[in-house]
Every structure is written in C-alpha cells, then in structure tokens.
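> Pasting in a structure now, in structure tokens, and then I'll have a few things to ask.
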Amino acid sequence: MEDLSQLEMCTICPHTCQVNRLQKQKGRCGAEDTVRIALASVYHFEEPCLSGKRGSGTVFFSHCTMRCEYCQNYEISSLGKGKEITVEELAEIFLKQQEKQVHNINLVTPTSYVPQIKKAIELARNQGLQLPIVYNTNGYETVETIKELDGYVDIYLPDFKYAEDELAKRLSHVDHYFSTVAQAILAMQKQVGDAVFDDEGMMQKGLIIRHLILPNHIINTRKVLKWINDYLPNVYVSIMAQYFPTYRAKQIEEINRKITDEEYQKVVRYLDRLVLTNGYLQELGEHEEEYVPKWEG
C-alpha cells in the first residue's frame, strides 16, 4: 500500500490541522485519506501555452484549502462533490489522458492529496507517462509541500489572489495569506526555473502566476502585480477578467457585480508602468456568457 503516513497528522497545507486523516478525521479542507475527484476531462480553455490545439488533461480534485465567497466551483471545493478513487485508478486516469494526446496532465486543486498524487505519478510513469505535470493550485501552500513535489511537478500554475491579508481573511477565510503565498511561489520558481517551451509553443517547465481581478479591489490587484514585478519580473503572469458574482458573493455588496471597463482599463494602464512582459491578459466580456477564456499575449 502507498505510504500515507503524512496523513496521520496532516500538515500538508498552511492550516496545519494535524488531524489523523487515516482515521477519517477531517481538517479545514474536508478531505480524508481517499482521493476524491469531481471530473477528469480534456480542457481547452487554459492559457494558450497549456491548452494548445489538443487541450489540457485536467483532473479536478474535490475539496479545497480555501473557502472563497465567490468560488465558481463551490460544489466541488466546499461541498466535496465527487467520487472516491484509488491511487491506482488515478494513475490510470493520467495514462488515459495521455492516450487522448493532450499536452499535459493538469491537477486542479490538488493540495489535499499530495501524498497520493505523488504515488500515482510514480505508478503512471512506470507505465509510460511522459507528459508534463501541471500543479494548478490556489497558491495557499507550504514551502515544505512544494519541496516534496520536486521531481513530480513540471509546471506550477498558482493563483495569487490577494496582497492584503484582511481581504484574504474576509473573502477566502485564510490567515497570513500574502506572506504564505509569496514564499510558496518563490519556492516554485526556485524549483522549476525559467520557462521552457517545445516546438509547438507549449510550456514544458516553468511557472505561470494567475491573478483574478475583483470588483472594487483594483488597488489589491496593483499590489499583487507590483510584488511580482519586483521579485519575479521575468515570470509568466496570467491576468484574469472573468469574475462574476456567484455562490455567496451575491450577498456581499462589494463583490456583487462584474468588473467594469473602467476598472479593467486601470489594470491595463498599470501594467504599462511595469516591466512584466511575459504572459496573458484575459479580454473583458460584456455579457456573462462571454466569460470564456480569451487571451492576448
């Protein structure tokens, strides 16, 4: 059986709950010892260097270490919707995705299951898995967990939502967000180094930092971008404009609307003042149904 000793006193994420998940105890994320996934699919709407022409082989894991009031996938992240699978079945999913000729294996919200995922990657690689592994995370990670992923993950895709801890606490219910995510992202960059692309322009190794623009919080966006500009000016950045109020956000006045064109243009103008040159800016749609990722390089 796979080594799941880390789950006896779980400290995988910054909450450090220390619950015994092997005894079905649940911490902040809600995950137990068994892997739970909501969906495995070929996804065509990630950043261009991840989706390409053949799509990204995504695996959506249930549960999350954050509780964002505006989560678009709250049934999966907060309510734990999904089905339980074994590590062996997870490895088989990776291999089946490869058979579909996707560009990568994309692990969405994987943090709670790092020990099981590592074992599944080992099993799949022993059976011929060769695709890059994308670690698609909310960014709320410990440096220790990132170090454990060395040799398993090729591409890190973290969110960097907030530069203001008070905002992170109020809208996502996490503590010490800014310093925690900043340290984790620096560890990711140190581990994978500068971006590497194949002949098709697909990323094979590297780091892409995502940031979602929130209504009424453009100053927060500026602070996040400034930190990236100051500490990782050559990294790839993906700025997302797709926010719309869902889940509990509909009851929170400050975020109960989409971002305006004026807010969007303020971010664009601020970008012009920075040295960041790598990455993507998502176009702003006029209608909710237009919030399908569309990117400008």
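> Express the relative contact order of the chain as a whole percentage, based on alpha carbon pairs under 8 Å and six or more residues apart in sequence.
15
> First measure r as the distance between the Cβ atoms of THR34 and ARG54, then evaluate 1/(1 + (r/R0)^6) with R0 = 30 Å and state the FRET efficiency to the nearest 0.05.
With R0 = 30 Å, the Cβ-Cβ based efficiency is 0.45.
> Now for a separate question. Among rounded, prolate and oblate, which fits the stretch 98-168 when a ≥ b ≥ c are the square roots of the eigenvalues of its C-alpha gyration tensor, a/c under 1.5 means rounded, and a/b larger than b/c means prolate?
Taking the square roots of the gyration eigenvalues as a ≥ b ≥ c, the stretch 98-168 is prolate.
> Among DSSP bridges having both ends in the chain, what percentage is antiparallel? Round to the nearest 5.
35
> Expected output is a single nm value to one decimal: the length gained when fully extending between THR260 and ASN126, i.e. 0.36 nm times separation in residues minus the C-alpha distance. What is it?
Stretched out fully, the THR260 to ASN126 stretch lengthens by 43.3 nm.
> Based on a Kirkwood Rh over C-alpha pairs, give the Stokes-Einstein translational diffusion coefficient of the stretch 130-229 at 25 °C and viscosity 0.890 mPa s in µm²/s.
173
> Using the Karplus equation 6.51 cos²θ - 1.76 cosθ + 1.60 (θ = phi - 60°), what ³J(HN,Hα) coupling, rounded to whole Hz, does each residue of the stretch 114-123 give in order, writing x for Gly and Pro?
Result, rounded to whole Hz: 3, x, 5, 5, 4, 5, 5, 5, 4, 4.
> Quick one: grab the alpha carbon gyration tensor of the stretch 227-285, order the square roots of its eigenvalues as a ≥ b ≥ c, and give me rounded if a/c is under 1.5, else prolate or oblate depending on whether a/b is larger than b/c.
Prolate, since a/c reaches 1.5 and a/b exceeds b/c.
> So how strong a dipole does the chain carry about its Cα centre when Lys and Arg Cβ are +1 and Asp and Glu Cβ are -1, to the nearest 20 debye?
Using Cβ point charges on Lys, Arg, Asp and Glu, the chain gives about 420 debye.
> Turning to a different aspect of this structure: At a 4.7 angstrom Cβ threshold, list every cysteine in the chain that has nobody to pair with, or say none.
Singleton cysteines: CYS10, CYS13, CYS17, CYS29, CYS49, CYS64.
> If each residue of separation counts as 0.36 nm, what is the full-extension length gain between GLU89 and GLU166 once their alpha-carbon separation is subtracted?
Computed gain between GLU89 and GLU166 is 23.7 nm.
> As a check on your grasp of the helix formula, calculate [θ] at 222 nm for the chain: sum -39500 (n - 2.57) over DSSP H runs of n ≥ 4, divide by the residue count, round to the nearest 500.
-9000 deg cm²/dmol
> Once label points are set 7 Å from the Cα along Cα→Cβ at both LYS96 and LYS205, what is their separation, rounded to one decimal in nm?
Computed distance between label sites LYS96 and LYS205 equals 3.1 nm.
> Okay, moving on. How far is it, in nm, from the label point at GLN183 to the one at LYS147 when both lie 7 Å from their Cα along the line to the Cβ?
1.1
> Let me ask another. Expressed in nm to one decimal, what extension gain is obtained for the pair HIS176 and HIS44 from 0.36 nm per residue of sequence separation less their Cα-Cα distance?
Result: 44.1 nm gained on full extension.
> Right, something else. Roughly how many nanometres apart are two label points built 7 Å out from the Cα toward the Cβ at ARG269 and GLN23?
5.9
> Using modelled backbone amide H atoms (1.01 Å from N, in-plane), which distant-in-sequence or interchain residues come within less than 5 Å of GLY139's amide H?
Amide H to amide H, under 5 Å and 5 or more residues apart or across chains, GLY139 pairs with ASP159.
> Next question. Collect residues whose amide H, placed 1.01 Å from N in the peptide plane, falls under 5 Å from the amide H of GLN204; neighbours closer than 5 in sequence don't count.
VAL196, PHE197, ASP198
> Taking a ≥ b ≥ c as the square roots of the Cα gyration tensor eigenvalues, with a/c under 1.5 meaning rounded and otherwise prolate when a/b beats b/c, else oblate, which class fits the stretch 178-297?
prolate
All of the numbers you see were taken from the coordinates with simple rules; none came from a lab. Predicted, not measured: the structure shown is a model, and the values here were computed from it. Glycine also receives a Cβ, built like all others from the backbone with ideal geometry; neighbour counts cover every protein chain displayed.
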